[in-house]
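Worksheet for the structure shown next.
The values are calculated or read from the model by the stated rules, or taken from the named source; none is laboratory data. What you are looking at is a predicted structure, and each value in this text was computed from that prediction instead of being measured. For neighbour counting, all protein chains shown are included, and Cβ atoms are generated from backbone atoms with ideal geometry for every residue, glycine included.
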Amino acid sequence: MIRELTYREAIASAIGDELEADPRTVFFGEDVGAAGGAFKSTVGLLERFGGERVRDTPISEQAIVGAAIGAAIAGLRPIAEIMFADFVGVCFDQIVNQLAKYRYMTAGQVRLPVTLRMANGAGAGFGAQHSQAAENWLINVPGLYLATPATAEDTYRILRTAVQCDDPVVVFEHKNLFGLKGTIDSTAPVLPVGKADVVRSGEHVTVVATQQMRHRAVEAAEELAAEGIHIEVIDPRWLTPFDDAAVVASLQKTSRLLVVQEGPAPGGWAGALVARLCAHHFELFDAPPRLLTSPFTPVPYSGVLEDAWLPSAPDVADCCRELLKY
Amino acid sequence: MTAVYEAQARCEDIWETLLDSMLRIRYFENEVKALFGSGLVRGSTHLCQGQEATVVGACSRLRPGDMMASTYRGHGAVLATGASPTAAFAEILGRDPGLCGGKGGSMHFTDLTHGAIGSNAIVGAHLPIAVGAAFGAQHLKSGAVSLAFTGDGSTNIGAFHEALNLAGIWKLPVVIVIENNHYGEYSPLAATTPISALVDRAKSYGIRGEVVDGNDVLAVRNVVGEAFDRARDGNGPTLIEADTYRFEGHSRSDPGKYRPPGELESWLARDPIERFADLLKEREIAGTEIVEAHRQQVGAEIAAALQAAKAAPEPQPERLYEDVIG
């Protein structure tokens, strides 16, 4: 079935289609049922599937993640929601020491088909403890797939891929993108993990960006096109595994790289990508690879300050112009 | 005590299983101590000697399909499910046919074929997982129960409270047995915990609480049996405080010098194995010679298991990369 849905509605649609497809799938989290989710992204699921399969939990993130792990061991395919990605801080042990390592520590006796969803990112004025792009906290943890969908279409397909995956997947849903509209095809084939999307083709600069930054990169591309500069925008969609090959293929055309990351640079996927490409594909570069990130500060509340914290489309365009000076 | 449990307390049909299981753990850990002394155990290891009656009595109630989660002091609990001592020794030696292929070690004994879903090295972290396993069993209407052992020290960590609360509100078929050995690592309970009866924690989560002499294998078997029946009948979880003592220090680097003089001796006088042997003699179920024959037989079994484990191959280097993800 093909429908026009928002990013927010695509979430409920994907979860609903997975609950429909497999009776072993269950969904739980704080206020996901009766309230339809803090962001109204799970509206209607409780009414459709009942309280056995769509459950509200106490405000207990450790218990939520742990319950998903245990339920998976017992034979279910749980989808668990952490309301804001920032709350990874209160269940870090369950994600990092338990969920990610269970299969390895037991030499494969246990596999955990767990999907963890969480609302991610800045730009909506939630302040320092509700606005972080938390994906980099998990980037160096083996045993987790990490997905960062930027569109309604990708959110739908990635969520379905995640639930069907036999290993843990953490899906970051960007809260500043919930209103984006897209065309959802519920019969489209499952999206493979780790496949990037070349959002826009160009031959001058390769720009790699996720979620909100991907959209700002596209905005910059429009601005630059008027100047005769054509950038290629790549959305990796998954941070683990990362589609290095897609970026390498693009660099072969452009020889210039800009990586845009929401969040501070240290210990992030953007820096790691640049390091890998420099180590293995140094000969492809005609200019020093460039990182555009948030400053190394918490996310501020004030609209003026938060806007300054987030890389903007003009920032992306400026970086591309700089790269073309080489 | 109900009539049926009085009958089982007579134990004519089960005493050999209980005795052998306790002896198996005691002798297994004697060898682990020796292996550690010879430098064959990497990292550390945490012995449960003195606490055998608690794990053996509780695990004697497990049925196929039930699940048991334990702490890093978990050799006894996992062996009590019926896991192979050879595979357990091999795991401690880091060998390929170990319980976890040599990837887990002493603190992570896991044997799904016997329902042992994991030993956890993060204090209390297995409790949300055990509760999740109970949720899985409840959801699938499998009739299974989830059993978790946990230390007295874990009653002060957040995961314990989140887990009990979720178990209480969802009325899950989980039985949590606190192995109260009176020390959280090096600290006596009174120095860290403002209540002396840990079972009182149950009240605040609407959970039934029970106290049992953890060095009396039949008493543990009875109280856990009743708790399992309630859980299987849909009557929710039970928190059981088992009063016991570890004869050794926290880990092999701890000589236990913080113990007041005479304390260890008083507990050695309540050695669960010797108490059970005395009971068998008193009740004219098995005399000294018969029990001695069991000691010899289990001793020989453990010696053979150790020999087999020592002859087992190391893991192939490529196993490093297996069972991470994908």
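If you go through the stretch A:92-118 and keep only what is in a loop (DSSP other than H, G, I, E, B) and either at the interface with chain B (Cβ under 7 Å from one of its Cβ atoms) or touching a helix residue (DSSP H, G or I) at 6+ places or on another chain (Cβ under 8 Å) (or both), you end up with A:Thr106, A:Ala107, A:Gly108, A:Gln109, A:Val110, A:Arg111, A:Leu112, A:Pro113, A:Val114.
For A:Gly127, state whether it is in a loop (DSSP other than H, G, I, E, B), more than 14 Å from chain B (Cβ to nearest Cβ) and either surrounded by 22 or more Cβ atoms within 10 Å (Cβ to Cβ) or in contact (Cβ under 8 Å) with a residue 24 or more places away in the chain (or both). Break it down stepwise before answering.
Details: in a loop (DSSP other than H, G, I, E, B): yes; more than 14 Å from chain B (Cβ to nearest Cβ): yes; either surrounded by 22 or more Cβ atoms within 10 Å (Cβ to Cβ) or in contact (Cβ under 8 Å) with a residue 24 or more places away in the chain (or both): yes.
Spelling it out, A:Gly127 is indeed in a loop (DSSP other than H, G, I, E, B), more than 14 Å from chain B (Cβ to nearest Cβ) and either surrounded by 22 or more Cβ atoms within 10 Å (Cβ to Cβ) or in contact (Cβ under 8 Å) with a residue 24 or more places away in the chain (or both).
Reported count of residues in the stretch A:213-237, each being crowded, with 24+ Cβ neighbours inside 10 Å and either over 23 Å from A:Leu284 (Cα atoms) or among the basic types (Lys, Arg) (or both), is 5. Among the candidates B:Thr288, B:Thr244, the residue that is more than 23 Å from the chain's Cα centre (by Cα), within 30 Å of B:Cys11 (Cβ to Cβ) and not aromatic (Phe, Trp, Tyr) is uniquely B:Thr288. Are any of the residues in the stretch A:162-175 away from chain B (no Cβ under 14 Å), part of a loop (DSSP other than H, G, I, E, B) and under 15 Å from A:Val88 (Cα atoms)? No, the conditions are met nowhere in the stretch A:162-175. Please state which one of A:Pro289, A:Pro241 is within 26 Å of the chain's Cα centre (by Cα) and touching a residue at least 40 places away in the same chain (Cβ under 8 Å). The match here is A:Pro241. For the stretch B:142-153, the criterion of being of a type in the set (D, E, K, R), assigned to a helix (DSSP H, G or I) and surrounded by fewer than 24 Cβ atoms within 10 Å (Cβ to Cβ) is satisfied by at least one residue. Which of the residues that make up the stretch B:113-122 are within 17 Å of A:Lys101 (Cα to Cα) and surrounded by fewer than 24 Cβ atoms within 10 Å (Cβ to Cβ)? Across the stretch B:113-122, the qualifying residues are B:Ala121, B:Ile122. Quickly run through the stretch A:27-51 and pick out the residues that are within 19 Å of A:Val163 (Cα to Cα) and of a type in the set (A, V, I, L, M, F, W, C). Of everything in the stretch A:27-51, those that are within 19 Å of A:Val163 (Cα to Cα) and of a type in the set (A, V, I, L, M, F, W, C) turn out to be A:Phe27, A:Phe28, A:Val32, A:Val43, A:Leu45, A:Leu46, A:Phe49.
Among the residues of the stretch B:157-204, the ones that are more than 14 Å from chain A (Cβ to nearest Cβ), among the polar types (S, T, N, Q) and not in a loop (DSSP other than H, G, I, E, B) come to 3 in all.
The set of residues in the stretch B:36-69 that are outside any loop (DSSP other than H, G, I, E, B) and farther than 26 Å from B:Glu210 by Cβ comprises B:Phe36, B:Gly37.
Quick grid of which residues meet (1) surrounded by 15 or more Cβ atoms within 10 Å (Cβ to Cβ); (2) closer than 23 Å to B:Leu62 by Cα:
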{"residue": "B:Tyr205", "(1), (2)": "yes, no"}
{"residue": "B:Val212", "(1), (2)": "yes, yes"}
{"residue": "B:Ala227", "(1), (2)": "yes, yes"}
{"residue": "B:Arg232", "(1), (2)": "yes, yes"}
{"residue": "B:Asp243", "(1), (2)": "yes, yes"}
{"residue": "B:Gln296", "(1), (2)": "no, no"}
{"residue": "B:Ala305", "(1), (2)": "yes, no"}
{"residue": "B:Pro313", "(1), (2)": "no, no"}
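Each residue in the stretch B:60-80 was checked for being surrounded by fewer than 24 Cβ atoms within 10 Å (Cβ to Cβ), polar (S, T, N, Q) and in contact with a His (Cβ under 9 Å, 6 or more places away or on another chain), and 0 of them qualify. The set of residues in the stretch B:123-141 being at the interface with chain A (Cβ under 9 Å from one of its Cβ atoms), among the hydrophobic types (A, V, I, L, M, F, W, C) and either under 18 Å from B:Ser204 (Cβ atoms) or surrounded by fewer than 23 Cβ atoms within 10 Å (Cβ to Cβ) (or both) consists of B:Leu127, B:Val131, B:Leu140. Based on this model, can you work out whether B:Ala137 counts as part of a helix (DSSP H, G or I), modelled with pLDDT of 95 or more and touching a strand residue (DSSP E or B) at 6+ places or on another chain (Cβ under 8 Å)? Yes; evaluated as a whole, the condition is true for this residue. With a requirement of 3 or more residues that are under 24 Å from A:Val141 (Cα atoms), the strands (runs of 3 or more DSSP E) lying completely within the stretch A:206-280 that satisfy it span A:238-240, A:257-264.
Checked against (1) surrounded by fewer than 16 Cβ atoms within 10 Å (Cβ to Cβ); (2) in contact with a Ser or Thr (Cβ under 9 Å, 6 or more places away or on another chain), A:Lys40 meets all criteria but (2). Scanning the stretch B:257-288 for residues that are free of Cβ contacts under 8 Å to residues at least 12 places away in the same chain and small (Gly, Ala, Ser) returns B:Gly262, B:Ser266, B:Ala269, B:Gly287.
Being assigned to a strand (DSSP E or B) and either touching a residue at least 60 places away in the same chain (Cβ under 8 Å) or within 14 Å of chain B (Cβ to nearest Cβ) (or both), is that true of even one residue in the stretch A:191-205?
Restricting attention to the stretch A:191-205, the residues satisfying the condition of being assigned to a strand (DSSP E or B) are A:197-200, A:205.
Right, trim to either touching a residue at least 60 places away in the same chain (Cβ under 8 Å) or within 14 Å of chain B (Cβ to nearest Cβ) (or both) and you get A:205.
Within the stretch A:191-205, one or more residues are assigned to a strand (DSSP E or B) and either touching a residue at least 60 places away in the same chain (Cβ under 8 Å) or within 14 Å of chain B (Cβ to nearest Cβ) (or both).
Entry remark, the stretch A:44-90: residues being more than 8 Å from every other protein chain (Cβ to nearest Cβ), in a helix (DSSP H, G or I) and more than 23 Å from the chain's Cα centre (by Cα) number 4 in total.
Specify which of the listed residues (A:Pro314, A:Pro288) is at pLDDT 95 or above, more than 22 Å from A:Lys195 (Cβ to Cβ) and not in a helix (DSSP H, G or I).
Working: A:Pro314 fails: not in a helix (DSSP H, G or I).
Residue meeting the stated conditions: A:Pro288.
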